[in-house]
1. Identify all residues within region 367-397 that are within 17 Å of ARG412 (Cα to Cα), surrounded by fewer than 20 Cβ atoms within 10 Å (Cβ to Cβ) and in contact with a Leu (Cβ under 8 Å, 6 or more places away or on another chain); write none if there are none.
2. Taking into account only those residues within region 159-174 that are modelled with pLDDT under 85 and open to solvent by less than 20 Å² (accessible area, probe 1.4 Å), which is nearest to MET231 (Cα to Cα)?
3. What tally of residues in region 279-319 results from selecting those that are touching a Leu at 6+ places or on another chain (Cβ under 6 Å) and over 23 Å from VAL347 (Cβ atoms)?
4. Can you tell me which residue in region 175-198 is nearest to PHE244 (Cα to Cα), limited to those that are open to solvent by 20 Å² or more (accessible area, probe 1.4 Å) and among the polar types (S, T, N, Q)?
5. Which ones in region 124-157 are at pLDDT 80 or above and aliphatic (A, V, I, L, M)?
6. I'd like to verify a number: residues in region 248-272 that are over 23 Å from the mean Cα position of the chain (by Cα) and under 18 Å from ALA346 (Cα atoms), how many?
7. For SER205, which of the numbered conditions (1) of a type outside the set (A, V, I, L, M); (2) over 20 Å from ASN270 (Cβ atoms); (3) modelled with pLDDT of 85 or more; (4) open to solvent by 70 Å² or more (accessible area, probe 1.4 Å) fails to hold?
8. What tally of residues in region 254-313 results from selecting those that are in contact (Cβ under 8 Å) with a residue 24 or more places away in the chain, among the aliphatic types (A, V, I, L, M) and not in a helix (DSSP H, G or I)?
Amino acid sequence: MKRITALLLVACMFAGLFVACGEDAVPGIETGESTLESSAATETTGSVTTEASTAETQDTTSGTESTTEATTQSTTTPETTEATQETTEQTKATEETKPTETTKPTEATNPTTEPTTEPTTEPTTKPTTPGGNIGEDLEFILDCNEITLNEAGQTYTIYTGEISISDITWTTDNAKIATIKNGVVTAVGDGTTKVHGKYGTKKLSCKVICEFAEETVPPTTVPADPSAPVMAPPSYSTVDSSFFDDALFIGDSVSQGLNNYVSAYGGLGNAKFATRASYGVANEITGNLRVTLFGTPTRIEEIVRYYNPGKIFIMLGMNELSYGSSTLMSYWGTYLSRVREAAPNAVIYIQSVTPVYTNGQNFSWGVTNKNVETLNGLLRTFAANNGCRFLDVAPYMKDSTGGLARAYTADRYVHLSNDGARAWIKVLYALAG
């Protein structure tokens, strides 16, 4: 009886333990199911609940016998593991989709902050010239701001720019003195006036001085003023200013004076100058003196090659008259060959040397009108024998004594005044074509 009672007591104890283990395992399963539901909403809750469920199961099963532990594992482990795996997969899916969900709205809204049209401050249209050039991109300038005309009907072109002449409005203050049409001024009567060119909002003016000279005095008659010019400069033109756009003028201080005038008043298009005081053919060949290019003394052929001109105008010899004309001419062949080698296709003009003011001749240096006349005769022959054009400027500069006219000299010696430079330019326009 005692043995039976003892066996019953033991059986009851085992039954109590089994029930206790079953109650502890059921909440673990329910916890795992709730973990599945909560993990779909949030990553953190699913992870924490799964870990808590696993820990609770381990605590419950650690104090049981091996048989109970096996039973508990077979009851709880598969479902808990499955729930944990599903939770992990959902967590990964959530992590993978998060960057897309956070960045896409930003990318979608960025374009709305950028301008959808070009700035409206740019003008929608621009004035154009007939050639298609944009008007406001072209510079409107006159070739000179003062001219002198010496006889009725004489003309002078004051504009050779890129803007179409038909787009410019031309007016004159006094049509009885000078008229202007298409940039060409025509002398009408004695006096001073102004002509104007207007393009858009820009208006430019040029002073016109009409001082009509008396008719050329016959050579046999001595004029009232012996120092006045015997011949007025030509009143006709065979070329316009664009003719000189590819020209290079080579010379000494006399040509430098022409350069200074053109720089201030225009008149020779875009002509270039290679000039220097005291320069000459002989000192170029001997190497004692050179024209400078950008401040550096440079051989004349290198200067010519740099500018690559289509026309070359040379006036040299005044500074070397003391050599004697025959000796001086012995250098010209070498000088010309250097120039021609650098620009073989250029047309070369040799200009006569201008005269010396009669009362300013320097006999000790050989700077006399007699030597000038001799040299010019030799230069004419040299030009003809070497395929060059000869431009005889000197006769238009002389007074009745054969010297430089007083109106044309700036220093009562050999250098030209503005009137002398203008007369020279008129000779070029008439004879260079």
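1. Scanning region 367-397 gives VAL367, THR368.
2. Checking each candidate, the answer is TYR159.
3. Result for region 279-319: 1.
4. This residue is ASN182.
5. Passing the criteria: ILE141, LEU142, ILE147, LEU149, ALA152.
6. The qualifying residues number 5.
7. Here SER205 clears every test but (4).
8. 6
The values are calculated or read from the model by the stated rules, or taken from the named source; none is laboratory data. Predicted, not measured: the structure shown is a model, and the values here were computed from it. Neighbour counts run over all protein chains shown; Cβ positions are idealised from the backbone, glycine included. The area values use the complete protein model at the heavy-atom level, side chains included, leaving out ligands, DNA and RNA. Shrake-Rupley method; radii C 1.70, N 1.55, O 1.52, S 1.80 Å.
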